Amino acid sequence: MKATNTDEQLFKAYLSKVKKETKIVYTWQVSILITFVLLWEIASRLYWIDPLLFSSPTTICQVIIEKFSNGSLFTHLEVTLLETIAGFLIGTLFGILLAISLWTSKRFSRIMDPYLVILNAMPKVALGPIIIVALGPGYVSIIAMGAIISVIITTLVVYSAFNEVDPNFEKVLISFGASKWQIFKHAIFPATLPAMISTLKVNVGLSWVGVIVGEFLVSKQGLGYLIIYGFQVFDFSLVMASLVLIAIFAAIMYKFVERMEAWLIKHSSS
Amino acid sequence: MSFLTLDHVSHYYFSKNNYTKALDDISFSIQKGEFIALLGPSGCGKSTILSIIAGIIKQTEGKVSLQKKEVETTASEIGYMLQQDYLFPWKTIVDNVLLGPKITHTHSKNTEQKALKLLKEVGLAEVANAYPSSLSGGMRQRAALVRTLINDPKILLLDEPFSALDYQTKLKLEELVSKLLKAYHKTTILVTHDIGEAIAMSDRIFVMDANPGTISKVFEVPIELRNEPPLLVRRHPKYQILFDKVWEELDQRENVQTKKVVSINNEGD
Ligand SMILES: Nc1ncnc2c1ncn2[C@@H]1O[C@H](COP(=O)(O)OP(=O)(O)O)[C@@H](O)[C@H]1O
Ligand SMILES: [Mg+2]
């Protein structure tokens, strides 16, 4: 009786210790944020930094509220979000399809190897002007940039995951007379699903880069456009407001993909 | 009339800067219903022989035929159980077992019932819907055996199926496999490096030699031992006699091997 009591107590003590630690971490996180925002505000009001260049938290908030209430921010935000999601999905999908096509033929993959290396090493955003010339100065080009930035790296990561699958799983299937497609379906795909899912998390960040740069170049709509526009008319509050929105929504998207990843992994293995 | 025939089969493994002669001029034939044990040190080409018979790799030279047909695309008529169980961790036990029928497009309600029946026979009925990771080594091995049996292969190739198990589990599994295969009249080739297991399970023992892999000697298991269950065979007086003979053969071979290695090393000096 006594023993179980102390066991329970030890466990409870452990739990409360964990809780306390988490609390401390949260407290620090919030304090850092508040300190940063406060310092920024004070520095700006006391002219330690130039408020015209670095704006201030209250001005940024005002800009955001104002632009939201007259509706002009909504379209920009919506455009950027849709472009990013589309670029992300297309890039990931094409990357995986390309990896599958490399897997189906050893020879094809050897032939493609140097091209993939070059394309991967290439800074994709440098292709921006060419893409815009080819696809026109519109959302198609921007989505293409969001996609192209992640497609090759996805291909390489997924293809190497395909190659790391234990060949003995393949042997089991071949001993039943399996076709290439059956081998893919029963062994390669399920074995590499976690690897494919983890590329999602990387790609969502990459797509933001592609889309924002695309919007810089096309300069019609979107948060990237707002940044460039604010820069040109010397409205740095607008630039900052756009940056804050990008930070918030990029984080939300990342978290969402992370949740989806956890969910997919749980449900694909059971 | 022989069931499976290997006719002057040799095999090389090639790589960019090297090659290995894994098998050298292997010839033998097996009758229907026979149980053969391939016995030899590791690296002597036992797994290579099975992979060739299963049609997973193509021999460099020679011919392999099953009931007069060349073994190329007879995959579904041959049941091959790899050295480890290789149950797919993302499939339940019953789904693992049903891989064969799904691959050969013969999957139906019937095969599902058959799978459950076989699983029950090997004592795995309760874990049919569990995942392989939750099973013990012996259970996994039994599941892999059922997966190999489900397509009714004409010949079973078992690559050291009991080598990773503890002794007691191994003896029990030998017993079960022997009973099961007798009941289904299966022709079987069992790879092992355990002399006792070879005698307890098989009708004939092919002793192999390494570098390159050849069959150095064939032992007939006395008729009195053949129909006994493995546990009783191990207690039979004739078991010990054969054991000693096989032991001697392997020992001799090992000495020859050592001399070979020594002479190669000396040449290198
Ligand atoms: N895929 C391979 N590539 C190159 N050499 C191999 C390969 N598989 C086996 N070998 C070589 O062939 C010989 C026979 O191997 P194996 O058939 O696996 O022997 P066993 O099953 O009797 O241990 C060994 O010397 C091994 O190193
Ligand atoms: Mg082997």
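The values are calculated or read from the model by the stated rules, or taken from the named source; none is laboratory data. As the structure is a computational prediction, the values presented were derived from the model and not from experiment. Glycine gets a Cβ as well: all are built from the backbone with ideal geometry, and neighbour counts include every protein chain shown. Each accessible area value is taken on the protein alone, full model and side chains, heavy atoms only, with ligands, DNA and RNA left out. Shrake-Rupley method; radii C 1.70, N 1.55, O 1.52, S 1.80 Å.
Brief remarks on what is shown
- Among strands (runs of 3 or more DSSP E) entirely within the range B:173-269, having at least 1 residues that are more than 16 Å from ligand 1 (Cβ to nearest atom), open to solvent by less than 20 Å² (accessible area, probe 1.4 Å) and touching a residue at least 24 places away in the same chain (Cβ under 8 Å) singles out B:187-192, B:214-220.
Yes/no matrix, rows are residues, columns are (1) surrounded by 12 or more Cβ atoms within 10 Å (Cβ to Cβ); (2) over 18 Å from residue A:206 (Cβ atoms); (3) more than 25 Å from the chain's Cα centre (by Cα):
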site	(1), (2), (3)
A:27	no, yes, yes
A:30	no, yes, no
A:46	no, yes, yes
A:55	yes, yes, yes
A:67	yes, yes, yes
A:87	yes, no, no
A:103	yes, yes, yes
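- Within the range B:38-58, if we keep just the residues that are away from ligand 1 (no atom under 12 Å from the Cβ) and open to solvent by 10 Å² or more (accessible area, probe 1.4 Å), the residue that is modelled with the highest pLDDT turns out to be B:58.
- Residues of the range A:217-238 satisfying the condition of being assigned to a helix (DSSP H, G or I) and touching a residue at least 60 places away in the same chain (Cβ under 8 Å): A:217, A:218, A:223, A:224, A:225, A:226, A:236, A:237, A:238
- Within the range B:128-164, being more than 16 Å from ligand 1 (Cβ to nearest atom) and open to solvent by 30 Å² or more (accessible area, probe 1.4 Å) holds for B:129, B:131, B:133, B:134, B:136, B:137, B:139, B:140, B:142, B:151, B:152, B:154.
- Pairing residues of the range B:1-22 that are in contact (Cβ under 8 Å) with a residue 40 or more places away in the chain and open to solvent by 100 Å² or more (accessible area, probe 1.4 Å) with residues that are part of a strand (DSSP E or B) and β-branched (Val, Ile, Thr), at Cβ distances under 8 Å and at least 6 apart in sequence or on separate chains, gives B:8/B:26.
- All conditions but one from (1) free of Cβ contacts under 8 Å to residues at least 40 places away in the same chain; (2) more than 16 Å from ligand 2 (Cβ to nearest atom) apply to residue B:51; the one that does not is (2).
- Flag if residue B:61 is among the charged types (D, E, K, R) and either away from chain A (no Cβ under 14 Å) or within 16 Å of ligand 2 (Cβ to nearest atom) (or both): yes
- Residues satisfying the stated conditions in the range B:66-79, i.e. open to solvent by 20 Å² or more (accessible area, probe 1.4 Å) and either within 12 Å of chain A (Cβ to nearest Cβ) or at pLDDT 85 or above (or both): B:72, B:73, B:76, B:77
- Count of the range B:124-176 residues which are closer than 19 Å to residue B:95 by Cβ, in contact with a Ser or Thr (Cβ under 8 Å, 6 or more places away or on another chain) and among the aliphatic types (A, V, I, L, M): 4
- Looking across the range A:164-198 at every residue that is polar (S, T, N, Q) and at the interface with chain B (Cβ under 7 Å from one of its Cβ atoms), the one that is farthest from residue A:266 (Cα to Cα) is identified as A:175.
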